[in-house]
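What follows is a single structure, written as structure tokens, with notes after it.
The values are calculated or read from the model by the stated rules, or taken from the named source; none is laboratory data. Remember, predicted model here, so these are calculated numbers, not experimental data. Every residue, glycine among them, receives a Cβ derived from its backbone with ideal geometry; neighbour counts consider all protein chains shown.
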Amino acid sequence: MKCPHMAHVAIVDGARFVVMRNKGQAFEPKLEKVSNPELEATNFSAGIRHQDDGGQRHGRTDLNELAHGAAAAQWLNEQVLAGKIDDLVVIADPKTLGEMRRHYHKELEQKLVGELAKELANEPADVIEKAIAAH
């Protein structure tokens with residue numbers, strides 16, 4: 001995946017949110033941590049469609065995790081609208097990424113240069129860099 005020089009990379013799962021920046025080249029990313037934004041997960045309506053009996057019985061639906069994904073998308077929306085993010089790559093586990101997509105602002109969608117549906121929130125930067133370069 002092409003990750004432009006100085007692009008922001010948001011790595012998200014149901015509990016963590018890390019923002020990094022590509023200090024390397026487009027096809028050879030070198031990520032540097034920018035921040036760990038503190039989020040207030042308030043959008044618990046995010047998981048309404050996941051309220052199936054099977055998912056609840058087997059613990060596959062966690063409304064806190066989905067609300068965290070919605071909050072991460074809202075934070076990214078705010079940064080894009082404030083002109084603080086020009087190019088963005090989002091990396092999140094499939095369920096979180098799906099929830100985040102529901103909350104993307106149109107402006108964020110225009111700044112989005114790539115998405116990776118993979119669980120990498122707890123991985124070191126070099127593993128994330130390789131995953132970006134491989135896709």
For segment 110-120, does any single residue satisfy the condition of being modelled with pLDDT of 95 or more and surrounded by fewer than 13 Cβ atoms within 10 Å (Cβ to Cβ)?
yes
Does ALA10 satisfy the condition of being among the hydrophobic types (A, V, I, L, M, F, W, C) and either over 20 Å from GLN79 (Cβ atoms) or modelled with pLDDT under 95 (or both)?
no
GLU65 meets each of (1) crowded, with 16+ Cβ neighbours inside 10 Å; (2) modelled with pLDDT of 95 or more; (3) not polar (S, T, N, Q) with one exception, condition (2)
Could you check, for segment 102-111, whether at least one of its residues is among the hydrophobic types (A, V, I, L, M, F, W, C) and either in contact with a Gly (Cβ under 9 Å, 6 or more places away or on another chain) or under 16 Å from ARG21 (Cβ atoms) (or both)?
no
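Out of segment 124-133, which residues are touching a residue at least 12 places away in the same chain (Cβ under 8 Å) and either surrounded by fewer than 16 Cβ atoms within 10 Å (Cβ to Cβ) or of a type in the set (A, V, I, L, M) (or both)?
Result: ALA125, ILE128, ALA131, ILE132, ALA133.
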Can you name every residue in segment 82-93 that is on the phi < 0 side of the Ramachandran plot and more than 10 Å from the chain's Cα centre (by Cα)?
ALA82, LYS84, ILE85, ASP86, ASP87
Out of (1) within 22 Å of LEU31 (Cα to Cα); (2) free of Cβ contacts under 8 Å to residues at least 60 places away in the same chain, the odd one out for GLU99 is which?
(1)
